[in-house]
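Colleague: First, the structure itself, so that you have it in front of you.
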Amino acid sequence: MINLPPGNWPEWFGALGTVGVLVAALIQIARERSRLRTDHKEQLARERRAQAELVSAWIGDVRTSNDFNIKIGAPSDIATNLELSNASGSPVYRAVLSVVDIQGIGWRGEGKAPDGYQVCISIVPPGRFHLTLHRGFGSGMGSHMAIEIAFTDAAGKYWVRRASGRLDELTVDPVTHYQVTRPVGWMVPTDG
């Protein structure tokens, strides 16, 4: 049994209650501060990704010079349109568009790309654009191609939107990430 010093018992119980309320309040304040710090970090992360979230690219149509009337063994001029969208209010810079195989045994987008699988764009202003590659990228033999776009945002951060749609921050610029041969042959997209 606890032996309390003699005194007014109601005062002792009141004091213990006050201390209990104070401890509970301090615990609640600590939890709230922790939640606010977490919310602030999440807000900063959202702001950091805001422009990058609005940039995407995809494969448009694949055309031949004879409107898809391809004869076996006959040469044809095949072209693939790459579509770009920058829905932000600022341009993105030094973009590298890569045609990657998302199903099959082709190039997956890491390291140096095979010849003809990448396009480097100096600037992508706000809006929708396209580029034409004079190469066919279709889906055949179990393969399915898609676009991966890496770029530098207006704040100087490096990003890659994977062919799956996932957005990842890069630690190096897109040209270095993809081991693009220098000097880089920069292109400019046209209005789409």
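Laboratory data are not the source of any read-out in this text; all were calculated from the coordinates shown. Every value quoted in this text rests on a predicted model; they were computed, and no experiment measured them. Neighbour counts run over all protein chains shown; Cβ positions are idealised from the backbone, glycine included.
Colleague: Quick one: net charge around A24, please, counting Lys, Arg +1 and Asp, Glu -1 for every other residue with C-beta under 13 Å from its C-beta.
Modeller: 0
Colleague: Let me ask another. Please find the FRET efficiency linking V188 to K112, where r is the Cβ-Cβ separation and R0 is fixed at 22 Å, and quote it to the nearest 0.05.
Modeller: It comes to 0.40.
Colleague: Can you list residues from other chains, or at least 5 along the same chain, whose modelled amide H is less than 5 Å from the amide H of G60?
Modeller: N81, L82, E83
Colleague: In sequence order, what are the phi-derived ³J(HN,Hα) couplings for the range 36-49 according to the Karplus relation 6.51 cos²θ - 1.76 cosθ + 1.60 with θ = phi - 60°, rounded to whole Hz, with x for glycine and proline?
Modeller: My calculation for the range 36-49 gives 5, 4, 5, 4, 5, 4, 5, 5, 4, 5, 4, 5, 4, 8 Hz in order.
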